[in-house]
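What follows is a short report on a single structure.
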Amino acid sequence: MSVATVGRMVDAWTIEVPGERVLVRELGPADEAPLIRLFEECEDWFLAATGLPPAPGDVQSLFYALPEGAHPDDKVLLVLERDGVVAGVVDAVRDHPEPGAVAVGLFLLAPWARGRGLGGALARSLLARAGDTPLVTATVPPGWRPGERFLGRLGFTLDPEPRPSGANRRAGPREGGVRRAVLRPAPAS
């Protein structure tokens, strides 16, 4: 496979998950329909996060939703494909909330892809590609136990109380905020 570099990101790479062919690549225009299907499959997460089922506009909002103070050029959208089927999506912003940091806004796997090691393999791959990032932040809906456990296994520390999301989008009817998670990776030796 040919791999091209885009800024500090690589546009496609494979990750090792036993018995599975897994590709991580940048989101493209042809991904709209597969992402709508992914979001529909992930209704459990959307209900926990917003109180509403997913809608086609949620895919479009991936392209413009940014935390306050972030620059649009620092937004990174990736899809995870398992055997050619979109199994997940990651929305991240480089250099936020501080230079060199990475803020993960959405890290979502289809229910059929959860519990197989795909999420952990993807997270470890992204952390390795981030290099000497001093800070990684993520958020999880309050009470979304799978996300809280996942972040804990990766070494993130979760804030005890929810806070406003800070995203530039309209909040859902049951959105009371998000729990922020922080990881300060050890410098590479």
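The values are calculated or read from the model by the stated rules, or taken from the named source; none is laboratory data. Every value quoted in this text rests on a predicted model; they were computed, and no experiment measured them. Note: ideal-geometry Cβ built from the backbone for every residue, glycine included; neighbour counts use all protein chains shown. To get the accessible areas, we keep the full protein, side chains included, count just its heavy atoms, and leave off ligands, DNA and RNA. Shrake-Rupley method; radii C 1.70, N 1.55, O 1.52, S 1.80 Å.
Structural remarks
- Checked against (1) at pLDDT below 95; (2) not in a loop (DSSP other than H, G, I, E, B), L52 meets all criteria but (2).
- The one condition in (1) in contact with a strand residue (DSSP E or B) (Cβ under 8 Å, 6 or more places away or on another chain); (2) under 23 Å from D44 (Cβ atoms); (3) at pLDDT 90 or above; (4) among the aliphatic types (A, V, I, L, M) that V178 fails to fulfil: (3)
- So D83, is it of a type in the set (D, E) and either open to solvent by 60 Å² or more (accessible area, probe 1.4 Å) or at positive phi (or both): yes
- Residue pairs meeting the criteria (Cβ under 6 Å; at least 6 apart or on separate chains; first closer than 17 Å to V104 by Cβ, in the stretch 47-68; second part of a loop (DSSP other than H, G, I, E, B) and of a type in the set (G, A, S)): P67/G166; E68/G166
- Complete set of residues in the stretch 107-125 that are assigned to a helix (DSSP H, G or I) and surrounded by fewer than 21 Cβ atoms within 10 Å (Cβ to Cβ): P111, W112, L118, G120, A121, R124, S125
- Flag if L47 is open to solvent by 50 Å² or more (accessible area, probe 1.4 Å), more than 23 Å from R124 (Cα to Cα) and not polar (S, T, N, Q): yes
- Comparison of R114, R94 shows that the only residue that is of a type in the set (K, R) and free of Cβ contacts under 8 Å to residues at least 40 places away in the same chain is R114.
- Filter result (without any contact (Cβ under 8 Å) to a residue 40 or more places away in the chain and among the aliphatic types (A, V, I, L, M)) within the stretch 131-152: L151
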